[in-house]
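To keep things clear, I will list the structure first and then write my remarks on it.
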Amino acid sequence: MKTGTAALLLFTATAFAAETPDLQMQTRIRQEEFRNSKVMEIASGLVDFIGARLTGSPNMKRANEWTRDKLTEFGLANAHLESWGPFGHGWSYDSCSLRLVSPDVAQLWALPRAWSASTNGAVRGVPVHVKLEAKEDLDKNKGKLTGKFVLLGDVVEMKPHDKTQYQRYDEKSLADLGAYEIPGARPPRFTREEALKRRAFFRALIPFLAEEKPLAVIVPGGGDYGTFHVQSAGGYRDGEAYPVPSVVLSDEQYGRLVRLLDQGKEPELELDVRAHDFPNAETSNTVAEIPGSDKKGEVVMLGAHLDSWHAGTGATDNGAGDIVAMEVVRVLKAIGIQPKRTIRIALWSGEEEGLLGSRAYVSQHFASRPEPPAEERDLPSTLRRNSGPLTIKPEHAKLAAYFNLDNGTGKVRGVYAQENAAVVPIFEAWLDPLKDLGVTTVTMRNTGGTDHLSFDSVGLPGFQFIQDEIEYGQRTHHTNYDVYERLQREDLMQAVVVMATFVWEAANRPDMLPRKPLSKADLEGTPQQPPR
């Protein structure tokens, strides 16, 4: 019994020693980042010089080329663009002006929704407030919308904010996050059936609007204090472009128009939208490497999505992640010590349209499934069903880990283990020297909504960091205020140190990170299996 206990203690001590972080490297990372940071220079180059980066737009192409050239300047090898697709239509806009011209004259705060049409010059008319949510709504309004501005959406009652929008995790909220939550314990925002129903209605709405020919569709912005959320009206695939102009209007001004209508007044509006459509748009990911030494055939990846919506300049969603990832590899190159494994950075396009760029990259390099039915492609990742067994490629066995950053400008507070119990003690050891920076939590929970899922879904170790909320959901996520001024310099620098530590430790530990086992359904029919 004593012999067994001694052996167990020796094994535990050896395992712990293998996960003792490289404190000399930790010091070098901190020295370079905290005394010579370039995060705000990278930030201004990306969000001020390039600006918004809608997938398939000319600005997205500029962003790919700028990041490729910047990574080359940092000394990375093989900086290049990897195309993927087919994507469909790109879209951009030059200008948008919405005015109230009667009974008052006022400039209204409005921006066009992606993939909506131009007005081809200024158009004037009166609005109508209608509900278009189901097939019966289309039937009821047939023949009534031609030549009108359609107000689509409810007026929201606004209350003063009773607490600050600027939020950070406290000890209790981090402890709560660290407790495992059984999948399905919390109901989803909407069910699979609801999502499929919405998709079916969208397919009916497009031809209805094309036939009805309203002057434009105007929707409320879902915010206050001048903040409004702007995403897409139609879609990027053939036949899904919004057939009429559509704009988002600030909630305060949207409410004014509805009140005028409810009072029997006939407000008159003038709209001028100039937008462009780009068929067969180019789509690429930016990729570059720091070559490894004795384990150079194995790869550690880090990344973030480079695309954004178009209302702001994509600073926090997800310029912040790109800035941090680019600064991580700059710091590691500046230190001048070659990692054992190759470190590869990837900046994705198409994330906002459904993780398209990272999913394509994973399919090209690591593992693929049969093409899913059309309705599956449009569902959120949490509701999508796998379309068949994996075909695993040789590179699948060589990926040690992928680390992703995509929750705004807030500092890193920990990491989601994605239900991979074997990595928890490893990550906890890596966090130990980072606790003075506020990084304390490893949770077994899954988190969704961004590019680490493309890796996790095919059995690869893909992870997303826990970040402080700051004002992401309330103020900057997909809004006109997603701009440089909302970035927090010290938080970005802290995130660089954390992400660089994880990337370096994963690139230099004796073994690759342990993986979750693939299911029997995933493995049936696959020509080979990854090592455990």
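When Rg and Dmax are taken over the Cα atoms of the stretch 213-317, they come to 21.4, 77 Å.
Listed by Cβ neighbour count within 10 Å, with the fewest neighbours leading, 387, 457 appear as 387, 457. In this entry, the chain is assigned a mean projected area of 27.2 nm², taken as a quarter of its C-alpha convex hull surface.
Against the chain, whose longest principal axis is taken from its Cα atoms, helix 356-365 shows a tilt of about 40°. Applying a DSSP loop filter and a limit of 15 other Cβ atoms within 10 Å to the GluC sites (Glu not before Pro) in the stretch 97-163 leaves 133, 157. The amide H of residue 88, built 1.01 Å from its N in the peptide plane, has 280, 281 as neighbours under 5 Å, considering only residues 5 or more places off or on other chains. The amide H of residue 467, built 1.01 Å from its N in the peptide plane, has 413 as neighbours under 5 Å, considering only residues 5 or more places off or on other chains. By the count of other C-beta atoms within 10 Å, a proxy for reagent exposure, 497, 244, 126 are ordered fewest to most as 126, 244, 497. Rg over Rh for the stretch 347-456 works out to 1.00, using Cα positions for both radii and the Kirkwood form for Rh. Axis of helix 320-335 versus longest Cα principal axis of the chain: the two differ by about 30°, to the nearest ten degrees. Across the stretch 277-284, rounded Karplus estimates of 3J(HN,Hα) from the backbone phi angles (6.51 cos²θ - 1.76 cosθ + 1.60, θ = phi - 60°) give 10, 10, x, 6, 5, 6, 9, 8 Hz, Gly and Pro being marked x. Convex hull volume of the C-alpha atoms in the stretch 288-381, normalised per residue: 100 Å³. Both radii were evaluated on the Cα set of the stretch 101-260; the Rg over Rh quotient, with Rh as the Kirkwood radius, amounts to 1.05. Listed values for the stretch 462-479 are Karplus-derived 3J(HN,Hα) couplings in whole Hz (6.51 cos²θ - 1.76 cosθ + 1.60, θ = phi - 60°), namely x, 9, 10, 7, 7, 10, 4, 5, 6, 10, 4, x, 7, 10, 10, 5, 6, 10, and x replaces Gly and Pro. Considering only 37, 487, 185, the residue lying farthest towards the positive end of the dipole of the chain is 185, judged by Cα position with unit charges set on Cβ.
Remark: the chain carries a charge dipole of roughly 860 debye about the Cα centre, counting +1 on each Lys and Arg Cβ and -1 on each Asp and Glu Cβ.
Proximity of backbone amide H atoms, modeled 1.01 Å from N, is registered between residue 340 and 293 at under 5 Å, excluding neighbours fewer than 5 places apart on the same chain. Under 13 Å from a label point set 7 Å out along the Cα-to-Cβ vector of residue 265, the amide N atoms of the stretch 123-156 belong to 127.
Once the chain from residue 134 to residue 48 is taken as fully extended at 0.36 nm per residue, the excess over their C-alpha distance is 26.8 nm.
FYI, it's all coordinate maths here, none of it is from the lab. Small disclaimer: the values here were computed from a predicted structure and weren't measured. Quick reminder, even Gly has a Cβ in these numbers, built from the backbone with ideal geometry, and neighbours come from all protein chains shown.
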